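Visitor: Got a structure for you, questions after.
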Amino acid sequence: MSNQNYEVKIDSIEPLQVLSPSGEIVNEAMLPKLSDEELKELMRRMVFTRAWDKRAVSLARQGRLGFYAPVSGQEASMIGSEYALDKEDFILPGYRDMPQLVWHGLPMYQAFLYSRGHQHGGQVPADVHVALPQIIIGAQIVQASGVAMGLKLNGKKNVAITYTGDGGSSQGDFYEGMNFAGAFQLPAIFFVQNNQYAISTPRSKQTAAATIAQKAVAAGIRGVQVDGNDVLAVVAAVREAREHALEGRPTLIEAITYRFGPHSMSGDDPSKYRTKEEQTEWEQIRDPLVRFRNYLQAKGLWNEELENQAAEEGKETVNAEIKRAETVDKMTIPGLLESMFEVPPVHIREQIEFYSAGGEK
Amino acid sequence: MANMTMIQAIQDGMRVELARDPKVLLFGEDVGHVGGVFRATEGLQKEFGEHRVFDTPLAESGIGGLATGLALQGFRPIAEIQFIGFVFEIMDQIVSQAARMRYRSGGAYQAPIVFRTPFGGGVKAAELHTDSLEGLFLQTPGIKVVIPSNPYDAKGLMISAIRDNDPVFFMEHLKLYRSIKGEVPEGEYTVPIGKANVVREGKHATIITYGAMVHTSLIAAEEIEKSRGVSVEVIDLRTISPIDIDTIVESIKKTNRAIVVQEAQKTAGAAAEVIAQINEKAILHLEAPVLRVAAPDTVFAFGQIEDEWLPTPQRIVDGLNQVLDF
């Protein structure tokens, strides 16, 4: 037997953590540079988003929203990762990633229209750099390489960031997207929110790999694991990934987090596949808002008044934006037909006439 | 004018657009350095550089995602699928992503992508290299399907496809790549997408067809003219989505009889769609039912029996006789 080392071995890694769950600094060196105002803004956005989510869940129950995937529990991953971006960085989201889109500039009423099944929801304003929420798990990951190549060819100092979950990391597209980004040295970030369940299937059944982060190794790109409920760790990891991306080194970030609510508002019951103990631990001990609130309060930057203000603002904004969404004109069949091609071909023109005249006789 | 094969004409079309528009990119498996497994892109990387014409890793979905993502950044990708059978690996990006881009974004985004791929039988290639899968794309709203039958059309349609602001599925018949030559103008010209071409005029019956079957149909038309003394019109669809029904109806008004010839299996597909549209628009001009001459409904033939499986001039003549004798 030779002692030659011919077996690939992945050293175990520990998720990057800046704050402990109770809010004390545990990694001073990785503390991201943020002014007091920026720290407060991060907290404001997380509290706002929690309130928005709560309200959206209730709107979905009332039928005023259509498909909705709750976000509570994942605020640090979502808000922190978007916050670390430049306004002209391009986001390719999964369907749960509405907060990143809205904080990146998509008007909230359009996010609601998307949920309600209205085309105007997808009419992304020209100065907002996002793709539409992806329904096909993984399709956005291969597209991220294309966007990143486009940014690079256009000489922009910007990155493409795409989001998926622990389940999405099992798709072939996950590997293809990372592999293309590595092979072409593209400014791309692949952000996995490992929230422990793909609908009901636990992380342990997704892959025999010890971590999702290590899947980067096979694609020849950077892989990091981060405590996804630690907003400062997320900001630090994405900022660092951004710098590497602009140098042509893509990064896969696995953020360990948890979704408090169901997969979507369409009948999923998490108590069927998660224990009460597990849920309680994440909700009470590992809540990303609690952690960051403790940190800010100790620094004298946060108080109940600011908290209530942010929550109230979230709720009021949702109320105003859903009203706005509800007043947008109903779509028409001729309108849909018009949007199929830049110039409608003959058969489409005939159908436009047919439906404009009232359809079936 | 230059005398070119199909493959030279296709290449020339891409060259013209690569030179004219810096947003045009060309990529796929082996298309860069060696110029493609059929040399369709030979020399283009050298001419336009590795940033414009390049090899990708071997992953069709990755190629499709690259194309769709580049389109989101304002580029006009030409993405090669090395053989038609590999299309299922990229199907999500074509059908669920690129073809839906304009619609789901209400026009905020578009996907001006040309997906080009060789297809078509008669060359005894390995399995899953030569299927006629165009029917799948007829049922896909949001994408156009182009199938040229000669070098002139191939170049003009390629230029149109690259300039189109919607995705185009561009199918290149393997058997035609080098088997036919034709006069092709130098530089820019376009053949419009969605416009059929009457390649042979006739009075007694119409053959509606496309791709390599245009040539097989022309042989059949000559044969039946000799054997029966009838003149047969042949329409080359050139684009099978959208179908140029006006040209078909004009012809049927004159001949009152028609068959549709396709290399694909009989059920569903382009021939069925052509017949449905004839029903809607020209049924009162018909003296006989419109018949299909197509391949049998099996998986694509094994090489040994491929030539019998594909529609032959004789089967087309038989089909014509049936509608003429009705």
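Nothing in this text is a laboratory measurement; each read-out follows from the coordinates by a stated rule. These numbers come from a predicted model, not from an experiment. Note that we place each Cβ from the backbone using ideal geometry, even for glycine, and neighbour counts take in every protein chain shown.
Visitor: Read phi for every residue in the stretch B:50-66 and hand back ³J(HN,Hα) as whole Hz from Karplus 6.51 cos²θ - 1.76 cosθ + 1.60, θ = phi - 60°, with x for Gly and Pro.
Guide: Running phi through 6.51 cos²θ - 1.76 cosθ + 1.60 with θ = phi - 60° gives 6, 7, 9, 10, 8, 7, 10, x, 7, 6, 5, 5, x, 5, x, x, 4 Hz.
Visitor: Between A:Ser20 and A:Ile135, what's the calculated FRET efficiency when r is the beta-carbon distance and R0 is 35 Å? Round to 0.05. Present the calculation step by step, with values, prior to reporting the outcome.
Guide: On the way: r = 37 Å, r/R0 = 1.06.
The formula returns an efficiency of 0.40 here.
Visitor: Which percentage, to the nearest 5, of the DSSP beta bridges contained in chain B is antiparallel?
Guide: So the antiparallel bridges amount to about 20 percent of the total.
Visitor: Looking at the stretch B:57-129, which GluC sites (Glu not before Pro) are DSSP coil and have at most 12 other C-beta atoms within 10 Å of their C-beta?
Guide: B:Glu127
Visitor: Over all distinct Cα pairs, what is the inverse of the mean 1/r for the stretch B:254-293, reported as the Kirkwood hydrodynamic radius in Å? Could the numbers behind the result be given before it?
Guide: Numbers: mean 1/r = 0.0960 Å⁻¹.
By the Kirkwood definition, the hydrodynamic radius is 10.4 Å.
Visitor: Give the lysines reachable from B:Lys175 as a straight Cα distance under 28 Å; neighbours fewer than 8 places away on the same chain don't count.
Guide: Partners found: B:Lys46, B:Lys124, B:Lys144, B:Lys155, B:Lys195, B:Lys226, B:Lys266.
Visitor: Then there's this: Express in whole angstrom the spacing between the alpha-carbon centres of the stretch A:303-361 and the stretch B:64-124.
Guide: Cα centres, the stretch A:303-361 to the stretch B:64-124: 27 Å.
Visitor: Just grab the label-to-label distance for A:Val290 and A:Ala320, each label 7 Å out from Cα along the Cβ direction, in nm (one decimal).
Guide: Label-label distance for A:Val290 and A:Ala320, simple model: 3.3 nm.
Visitor: What translational diffusion coefficient, to the nearest whole µm²/s, does the stretch A:66-200 have by Stokes-Einstein, given a Kirkwood radius computed over alpha-carbon pairs, a temperature of 4 °C and 1.567 mPa s viscosity? Can you show the working numbers first?
Guide: Details: Rh = 15.0 Å.
Answer from the Stokes-Einstein relation: 87 µm²/s.
Visitor: Now a separate question. Would you mind computing, in nm to one decimal, how far apart the modelled labels at A:Gln309 and B:Asp30 are, each placed 7 Å from Cα along Cα→Cβ?
Guide: Once both label points are built, they end up 6.6 nm from each other.
Visitor: Obtain the nm distance between the two label points defined at A:Glu243 and B:Arg39 by a simple spin-label model: each point lies 7 Å from its Cα along the Cα-to-C-beta direction.
Guide: Each label point is offset 7 Å from its Cα along the Cβ direction, giving 5.1 nm.
Visitor: In the neighborhood of B:Glu233, defined by Cβ-to-Cβ distances under 12 Å, what is the net charge if each Lys or Arg adds +1 and each Asp or Glu adds -1? Before the final figure, lay out the partial values.
Guide: Numbers: positive: B:Arg200, B:Lys203, B:Lys253, B:Lys254, B:Arg257; negative: B:Glu201, B:Glu225, B:Asp236, B:Glu250.
Around B:Glu233, the charge tally is +1.
Visitor: Out of the stretch B:230-326, which GluC sites (Glu not before Pro) are coil in DSSP terms and have no more than 15 other C-beta atoms within 10 Å?
Guide: The qualifying sites are B:Glu287.
Visitor: If you bin every alpha carbon distance in the stretch A:1-133 into 10 Å steps from zero, what whole percent lands in each bin?
Guide: Bins of 10 Å from zero give 10, 34, 27, 16, 8, 4, 1 percent of pairs.
Visitor: Can you give the calculated 222 nm mean residue ellipticity of chain A, where each DSSP H run of n ≥ 4 adds -39,500 (n - 2.57) and the sum is split over every residue, rounded to the nearest 500 deg cm²/dmol?
Guide: -13500 deg cm²/dmol
Visitor: Treat the count of other C-beta atoms within 10 Å as a stand-in for reagent exposure and order A:Met331, B:Met101 from fewest to most.
Guide: So the residues, fewest neighbours to most, are A:Met331, B:Met101.
Visitor: Roughly speaking, what is the centre-to-centre gap between the stretch B:165-244 and the stretch A:39-99 when only Cα atoms are used, to the nearest Å?
Guide: So the two Cα centres are separated by 54 Å.
Visitor: Taking every DSSP beta bridge with both residues inside the protein assembly as shown, roughly what % is antiparallel (nearest 5)?
Guide: Of those bridges, close to 20 percent are antiparallel.
Visitor: List the residues of the stretch B:128-149 whose backbone N lies under 17 Å from a point placed 7 Å from the Cα of B:Lys195 along the Cα-to-Cβ direction.
Guide: B:145-149
Visitor: I need the calculated FRET efficiency for the pair A:Glu277 and A:Tyr6, taking r as the beta carbon distance and R₀ as 41 Å, to the nearest 0.05.
Guide: That gives a FRET efficiency of 0.40.
Visitor: Let me see the pair-distance distribution of the stretch B:255-326: every alpha carbon pair, 10 Å bin width, integer percents in order.
Guide: So the P(r) values, bin by bin, are 20, 46, 26, 7, 0.
Visitor: Note the per residue figure in Å³ for the convex hull of the C-alpha positions in the protein assembly as shown. Mind showing how you got there, number by number?
Guide: On the way: hull volume 130.1 nm³, N = 687.
Cα-based convex hull of the protein assembly as shown, divided per residue, equals 189 Å³.
Visitor: Then there is this: For the stretch A:139-188, run through the trypsin sites (Lys or Arg not before Pro) and keep only the ones in DSSP coil with at most 15 other Cβ atoms within 10 Å of their Cβ.
Guide: A:Lys157
Visitor: Just counting partner chain Cβ atoms within 10 Å, what average do the residues of peptide B:93-103 show around their Cβ?
Guide: Mean partner shielding for this stretch: 3.
Visitor: Continuing with this model, one more query. With every atom except the alpha carbons ignored, what do you get for Rg and Dmax of the stretch A:124-237, in angstroms?
Guide: Rg then Dmax for the stretch A:124-237, in Å: 14.3, 43.
Visitor: Can you grab the distance from the C-alpha centre of the stretch A:106-121 to the C-alpha centre of the stretch A:5-19, Å, no decimals?
Guide: Answer, in whole Å: 41.
Visitor: Relative to the longest principal Cα axis of chain A, at what angle does helix A:231-246 sit, 0 to 90 degrees, rounded to 10?
Guide: It works out to around 80 degrees.
Visitor: Now, a different point. Measure of size requested: the Rg and Dmax of the stretch B:175-326, with Cα atoms as the atom set and Å as the unit; please supply both.
Guide: For the stretch B:175-326, the Cα-based Rg and Dmax read 15.3, 48 Å.
Visitor: Let me ask something additional. At q = 0.09, 0.11, 0.19 Å⁻¹, what is the log10 ratio I(q)/I(0) for the stretch B:1-153, with the Debye formula run over Cα points and no solvent?
Guide: -0.28, -0.42, -1.30
Visitor: Starting from 0 in steps of 10 Å, tell me what percent of the Cα-Cα pairs of chain A lands in each bin.
Guide: Whole-percent P(r) values from 0 Å outward: 5, 23, 31, 25, 10, 4, 1, 0, 0.
Visitor: Another one. Give me the compactness ratio for the stretch A:223-342, meaning the Cα radius of gyration over 2.2 N^0.38 Å.
Guide: This ratio for the stretch A:223-342 stands at 1.54.
Visitor: Any chance you could list the semi-axes, whole Å, largest first, of the equivalent ellipsoid that the Cα gyration tensor gives for the stretch A:293-351, using √(5λ)?
Guide: They are 50, 15, 5 Å, listed from largest to smallest.
Visitor: Something else: Rounded to the nearest 5, what is the percent of antiparallel bridges among the DSSP beta bridges in chain A?
Guide: If I count the DSSP bridges inside chain A, around 10 percent turn out antiparallel.
Visitor: Per residue and in cubic angstrom, what volume does the convex hull of the Cα atoms of the stretch B:141-198 have?
Guide: Spread over its residues, the Cα hull of the stretch B:141-198 gives 94 Å³ apiece.
Visitor: So for each of B:106-114, A:283-291 I average, over its residues, the number of other beta carbons within 10 Å; can you give me the resulting order with the highest mean first?
Guide: Numbers: B:106-114: 21.7, A:283-291: 17.9.
So the order, starting with the most tightly packed, is B:106-114, A:283-291.
Visitor: Report the net charge of residues surrounding B:Val261, where surrounding means a beta-carbon distance below 10 angstrom and charges are Lys +1, Arg +1, Asp -1, Glu -1.
Guide: So the environment of B:Val261 carries a net charge of +1.
Visitor: Decide, for the stretch A:102-157, between rounded, prolate and oblate: order the square roots of the alpha carbon gyration tensor eigenvalues as a ≥ b ≥ c, take rounded if a/c falls under 1.5, and otherwise choose prolate if a/b is larger than b/c, else oblate. Numbers along the way, then the final one.
Guide: On the way: a/c = 2.97, a/b = 1.55, b/c = 1.92.
Note, shape of the stretch A:102-157 comes out oblate.
Visitor: Taking only the C-alpha atoms, wrap a convex hull around the stretch B:30-99 and report its volume per residue in Å³ as a whole number.
Guide: Hull volume over Cα atoms, normalised by residue count, gives 85 Å³.
Visitor: When the chain is fully extended, how far beyond the present Cα-Cα distance does B:Gln277 get from B:Asp325, taking 0.36 nm per residue of separation?
Guide: Net length gain for the segment: 15.0 nm.
Visitor: ³J(HN,Hα) across the stretch A:94-99 via Karplus (A = 6.51, B = -1.76, C = 1.60, θ = phi - 60°), whole Hz, x for Gly/Pro?
Guide: x, 6, 7, 8, 4, x
Visitor: List the residues, sorted by chain then number, that are 5 or more residues from A:Gly223 or on another chain and whose placed amide H is less than 5 Å from its amide H.
Guide: Those lying under 5 Å, H to H, from A:Gly223 are A:Leu252.
Visitor: What is the helix-to-structure angle for A:288-298, meaning the angle in degrees between its Cα long axis and the longest Cα principal axis of chain A, kept from 0 to 90 and rounded to the nearest 10?
Guide: 60 degrees
Visitor: Now a separate question. Relative contact order of chain A, please, whole-number percent, based on alpha carbon pairs below 8 angstrom and at least 6 residues apart.
Guide: RCO, chain A: 24 percent.
Visitor: While we're on this one: What are the ³J(HN,Hα) couplings of the stretch B:72-87, residue after residue, when phi is run through the Karplus curve with 6.51, -1.76, 1.60 and θ = phi - 60°? Round to Hz, x for glycine and proline.
Guide: 5, 9, x, 8, 10, x, 10, 10, 8, 9, 4, 9, 3, x, 7, 5
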